[in-house]
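Report on one structure; see the data block that follows.
The values are calculated or read from the model by the stated rules, or taken from the named source; none is laboratory data. Everything numeric here is computed off the predicted structure, so don't read it as measured data. For neighbour counting, all protein chains shown are included, and Cβ atoms are generated from backbone atoms with ideal geometry for every residue, glycine included. Areas reflect the complete protein model, heavy atoms only, side chains present, ligands, DNA and RNA absent. Shrake-Rupley method; radii C 1.70, N 1.55, O 1.52, S 1.80 Å.
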Amino acid sequence: MTDRLYYHDSFLYSFDAAVEETGGDARPAVILDRTAFYPTSGGQVFDTGWITAGSQKLRVNEVADAEDGRVVHYLEAPVKDLAPGTRVHGEIDASRRRDHMQQHSGQHVLSAAFVRLFNMPTVSFHMGDDYCSIDLDVSDLDTPNVTKAQVEQAERLANEIILENRPVDVRFVTRDEAGALGLRKVPVADREELRIIDIRDWDLSACGGTHVAQTGQIGCILLRKTEKVRQGWRVEFIAGQRAVATARRDFTTLTESASLFSAHIYDVPQQVRKSLEEIRALRKQREQSLEELAAAQAAALLAETTELNGRKLVVRTFSDRDMSFLKLLAQKLTRLAPNVVVLVATTSPQPSIVFAQSAGQAFDMGALMRETMAKLGGRGGGSKDMAQGGVPGAEGIEAALASVSTGLRG
Ligand SMILES: [Zn+2]
């Protein structure tokens, strides 16, 4: 069993130890007789840092619990001459540890707030790179959810406990003693001795993690997103410097958005709403204008097309229309008269082709389109009276239309 120095002092960032074992060809690792490095467990993630042995400075990039109760330090590079008994010096990345202590201790304070305020016990805790979260069990409640008002209330109370700077003590007790103390959550592990984290007159939980010494060191806690999850209700939060960094990022994002509207940040939602309404109105107007344009263009095209063999064949290539306009135009044309055949295309923004004929005409537009697409290397098809296709390039479109129209005239 490795002697876990962090059990007794979370602020111990450097220590001396002796090597017990090295190994791992695939992934170099070292086991020490004692360590201040925290291995991932109980939702809190591992420490990183360095182990120095003589002139070797080894980067520790992950720390894990082994099944035999020892702590494994995984190293970035292989080790040389680190025989058992070698004296080494360990150094933990202190800012990473401080961040973890803030998040983890913040979680204790917050979980207790949700229990005291709303009887919502925490069933799991997750610490990520960006944010942390707790899952609350709400199944016993009349309204099994977490409201916005509850989030604000829990956040306020948790921050009050932080501001009161309550002592956070670590105690070791037997299971029987723990039962009498009234823990927020009694662990299922079969250890006889339990490590209790006691936030004065606020929260008692059994936990093996690293915590601050007074709640004031958490700094602050900021609640973010809430969402329903399988096992209850998830509440995302961040504490300490992370909360400040996130608030800073939020402010930067909001400021950038506000400057786009030349507005105050608090007016951004209103400005966005207004813009969306304008976009909706303009889109409607545009659709109507295109409809009118298509109708006018269809009438003009039909008027300038002479009838041949009892049929009016309209052939036209545009340079600045989209597929939906081509279809609209073809629709208008084929409905204006019973004897119209339409071959229209556009070269940009997306080179596209539409073939159509008035209902009852004898050709097969779908088949013609498939033939044309095969020649131009595009994809398309359709029904007997209306077909569409997209091609990779604009070149060849006009020649293809000409060839099809010659075929139809013959
Ligand atoms: Zn803890």
Note to self: Restricted to Cα positions, what overall size does the chain have along the principal axes? Three whole-Å values, descending.
What the structure shows: 102, 56, 42
Item checked: Taking N as its residue count, the alpha carbon Rg of the stretch 1-67 over 2.2 N^0.38 Å -> 1.08
Next item on the list: May I ask for the Rg/Rh ratio of the stretch 327-374, computed from Cα atoms with Rh as the Kirkwood radius, given to two decimals?
Entry: 0.99
Next item on the list: Would you calculate, for the chain, the mean residue ellipticity at 222 nm contributed by helices, counting each DSSP H stretch of 4 or more residues as -39,500 (n - 2.57) and dividing by all residues, to the nearest 500?
Entry: -12000 deg cm²/dmol
Note to self: Placing unit charges on C-beta atoms (Lys and Arg positive, Asp and Glu negative, everything else neutral), compute the dipole magnitude of the stretch 278-410 about its Cα centre in debye, rounded to 20.
What the structure shows: 260
Margin query: For the pair residue 83/residue 359, report the inter-label distance in nm, with labels modelled 7 Å from Cα in the Cβ direction.
Written below: 9.7
Item checked: Cα centre as origin, Lys/Arg/Asp/Glu Cβ charges: the stretch 98-225 dipole, Debye -> 220
Next item on the list: For a quick protection proxy, order the peptides 132-145, 332-345, 112-125 by their average other-Cβ count within 10 Å, most packed first.
Entry: 332-345, 112-125, 132-145
Next item on the list: Would you work out which of 226, 64, 92 lies farthest towards the positive end of the dipole of the chain? Charges go on Cβ: Lys and Arg +1, Asp and Glu -1.
Entry: 226
Item checked: Three-way shape label, the stretch 123-241, alpha-carbon gyration tensor, a/c 1.5 -> oblate
Notebook entry, point to check: Of 54, 219, 240, which has the largest mean-square fluctuation in a 10 Å C-alpha GNM of the chain?
Noted result: 54
Notebook entry, point to check: For the stretch 173-244, how big is the tail of P(r) above 15 Å, as a whole percent of Cα pairs?
Noted result: 66
Note to self: Taking 10 °C and 1.306 mPa s as the conditions, I'd like the Stokes-Einstein D for the stretch 160-311 in µm²/s, using the Kirkwood hydrodynamic radius from alpha carbon pairs.
What the structure shows: 71
Notebook entry, point to check: Which one of 330, 313, 168 has its Cα pushed farthest toward the positive end of the charge dipole of the chain, where Lys and Arg give +1 and Asp and Glu give -1 at the Cβ?
Noted result: 313
Checklist line | Gain upon complete extension [residue 130, residue 399; 0.36 nm per residue less C-alpha separation] | finding: 91.1 nm
Notebook entry, point to check: Where a ≥ b ≥ c are the square roots of the eigenvalues of the C-alpha gyration tensor, would you call the stretch 273-402 rounded, which needs a/c under 1.5, or, failing that, prolate if a/b is larger than b/c, or oblate?
Noted result: oblate
Next item on the list: Round to the nearest 10 and report in Å² the accessible area of residue 220, as given by a 1.4 Å probe over the protein chains' heavy atoms.
Entry: 40
Next item on the list: Select from the chain the helices, each a whole stretch of DSSP H, whose alpha-carbon atoms run 24 Å or more along the helix axis and whose Kyte-Doolittle mean is at least -0.5; answer none if there are none.
Entry: 240-260, 268-304
Item checked: Cβ crowding within 10 Å averaged over residues, with 298-304, 105-111, 273-279, 360-366 ranked highest first -> 105-111, 360-366, 298-304, 273-279
Item checked: Cβ-Cβ FRET estimate between residue 160 and residue 286, R0 fixed at 51 Å, reported to 0.05 -> 0.40
Margin query: I need the peptides 350-358, 230-238 ranked by packing, meaning the mean over residues of other C-beta atoms within 10 angstrom, with the highest value on top.
Written below: 350-358, 230-238
Check: Using +1 on the beta carbon of Lys and Arg, -1 on that of Asp and Glu, and nothing else charged, what's the dipole of the chain about the Cα centre, debye to 20?
Finding: 2020
Margin query: Counting heavy atoms of the protein chains only and a 1.4 Å probe, report the per residue accessible area for the chain as a whole number of Å².
Written below: 53
